Amino acid sequence: MILSDLYKKSLDLAPLSDEEALMLYEQAPLPALMHVANELRQRHVPGGGVSWQVDRNVNITNVCISGCKFCTFHCGLHSPQAYTTTPEEYAQKVEELFAKGGRQLLLQGGLHPKYGIDFYEALFRMLKRKHPSLLLHALGPPEVAHIARLGNLSYRQTLERLVAAGLDSLPGAGAEILDDRVRRRISPAKPGAQAWLDVMREAHRMGLATSATMMFGHIETRAERIKHLRLIRDLQREKPQGAPGFLAFICWPAQLDNVASTMLRGLEKVSAEEYIRTVAISRIVLNNVANIQASWLTVGKAVAQLCLWAGANDFGSIMIEENVVSSAGASHAFDRHSITAAIREAGYEPWLRNQKYEKEETPPEN
Ligand code: SF4
C-alpha cells in the first residue's frame with residue numbers, strides 16, 4: 001500500500017493492520033499525519049471545543065512491591081519514607097478539591113503487600129459516607145489484579161466488591177506498554193499485559209467507564225507501541241453494546257530524569273515531533289475510542305497545544321496534586337485560568353467536563 005491509500009483507509013475508519021499503522025507512523029509526513037488525525041477527531045468529537053477537568057490525584061500509599069524501574073515514587077513496607085494517607089488527610093484534600101470546584105478523586109497507590117480487598121472496601125465506604133457527592137476514579141488494572149491475587153478472588157468478584165463500596169470508574173493506569181518482553185524488563189513484578197486486558201474486559205462487561213493509557217519512550221520499539229494501540233482497539237470492540245468501555249486514551253513519554261535504573265537513565269528523550277506523531281497515530285489506530293488527551297503535564301503547554309491539531313480533543317485536568325510522574329521529572333503546571341487560556345490560544349473553546357466526558361458548569365471563583 002502507498003501512503004495515500006492508508007490516509008483514505010484511516011479516514012474511512014477502517015481498522016489498520018499493525019504493518020499499515022507502522023508505515024503511517026514512521027513514514028507519513030507530520031503535516032499529513034496531523035491532518036488525517038484532526039479530520040478523525042472531528043468525526044468523533046465534532047466542533048471547536050476542547051474539554052478539561054478539575055480533579056485531585058491522591059496516593060493511597062507509596063508502598064509497592066512492583067519495583068518498576070521507571071518509578072521514583074514507591075518504597076518498601078519498612079522504608080522510613082513509607083506512608084498511607086490518613087482519614088484526616090483525605091478530609092482536608094477533599095475539602096480543597098470541592099473548594100476548587102472538583103468532584104473527583106483520582107486515587108492511586110502501589111501494590112501494597114498487606115492491603116487486600118477489605119482495606120479498599122473500608123476506604124471507599126469511608127470516603128463515600130463522609131462525602132456522598134464525591135466520585136472515585138480509582139486504582140488501575142495492576143492494583144485490581146494484585147488485590148484479587150491477595151484475596152484469592154476473580155477479577156469480577158474484586159471489581160464487584162469495589163464498585164459496591166464506591167468505585168465509580170477505573171483509570172487505565174499501569175498499562176505502560178502492553179507487551180511482556182517490555183514489561184518483564186521495566187516492571188518485573190507487575191501483573192502482565194494479559195492481566196491488564198482481562199481486568200479491563202471485566203470492567204467493560206460490568207458497565208464501568210474506563211480509560212486507556214500508554215507510557216512510551218523507554219525500551220519499547222515503535223512496533224510494540226502499535227501493538228499496544230491495536231490491543232486496546234480490539235478490546236474496545238469486545239465491549240457490550242451501550243457499555244462505556246474506554247472513554248479516553250492518554251499517552252505520555254516516560255519521565256526518566258530521576259530514575260536509578262542504569263537501563264533507563266540517559267535514554268534519548270521523546271522529541272516534540274515524536275510525541276505529536278504518537279498522539280496522531282493513536283487517534284488513527286483507535287478508530288473506536290472517542291476522546292484522545294494531550295498530556296500537558298509531561299510535554300508542556302506548547303506541544304500539548306499542537307496535539308489539539310493532531311487528533312487530541314482533551315487537555316486533561318488541572319491536577320491539584322500529582323506525585324508519581326512529578327517525582328520522576330515532569331514539572332509543568334496549570335490552574336483553571338491558564339488551562340482555559342492555553343486552549344483558547346490554540347484556537348479552541350474550553351469546556352469543563354466530568355469523568356464521563358459530560359459537560360459540567362464551571363464553578364464560581366472563590
Ligand atoms: S509505577 Fe506503580 S506499580 Fe510500579 S513501582 Fe511505582 S507505584 Fe508500584
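A few notes on this one:
- Among (1) more than 16 Å from the ligand (Cβ to nearest atom); (2) among the aliphatic types (A, V, I, L, M); (3) open to solvent by 40 Å² or more (accessible area, probe 1.4 Å) - the single one V36 does not satisfy: (3)
- Within the range 56-97, the residues that satisfy the criterion of being part of a loop (DSSP other than H, G, I, E, B), of a type outside the set (S, T, N, Q), more than 9 Å from the ligand (Cβ to nearest atom) and open to solvent by 10 Å² or more (accessible area, probe 1.4 Å) are G76, L77, H78, P80, A82, Y83.
- Scanning the range 178-190 for residues that are aliphatic (A, V, I, L, M) and part of a helix (DSSP H, G or I) yields V182, I186.
- Selection over the range 226-259 of residues that are in contact with a helix residue (DSSP H, G or I) (Cβ under 7 Å, 6 or more places away or on another chain) and at pLDDT 95 or above gives a count of 17.
- Scanning the range 146-189 for residues that are open to solvent by 40 Å² or more (accessible area, probe 1.4 Å) and in contact (Cβ under 8 Å) with a residue 60 or more places away in the chain returns D168, R185, P188, A189.
- Helices (runs of 4 or more DSSP H) wholly inside the range 262-344 that include at least 2 residues being of a type outside the set (S, T, N, Q), closer than 18 Å to E176 by Cβ and at pLDDT 90 or above: 272-285
- Single match in L13, L24 (criterion: of a type outside the set (V, I, T), away from the ligand (no atom under 16 Å from the Cβ) and on the phi > 0 side of the Ramachandran plot): L13
- Residue in the range 190-211 that is open to solvent by 30 Å² or more (accessible area, probe 1.4 Å) and either in contact (Cβ under 8 Å) with a residue 60 or more places away in the chain or within 17 Å of M263 (Cβ to Cβ) (or both) present: yes
- Taken over the range 115-164, the criterion of being in contact with a Leu (Cβ under 7 Å, 6 or more places away or on another chain) and of a type in the set (S, T, Y) is satisfied by Y120 alone.
- A residue that is closer than 18 Å to V285 by Cβ, in contact (Cβ under 8 Å) with a residue 40 or more places away in the chain and open to solvent by less than 50 Å² (accessible area, probe 1.4 Å) cannot be found anywhere in the range 262-269.
- Residue in the range 120-137 that is farther than 26 Å from N354 by Cβ and open to solvent by less than 30 Å² (accessible area, probe 1.4 Å) present: no
The values are calculated or read from the model by the stated rules, or taken from the named source; none is laboratory data. Just so we're clear, the structure is a prediction, and the values are computed from it rather than from any experiment. Cβ sites come from the backbone with ideal geometry, for glycine too, and all protein chains shown count toward neighbours. For accessibility, only protein heavy atoms count, side chains too; no ligands or nucleic acids. Shrake-Rupley method; radii C 1.70, N 1.55, O 1.52, S 1.80 Å.
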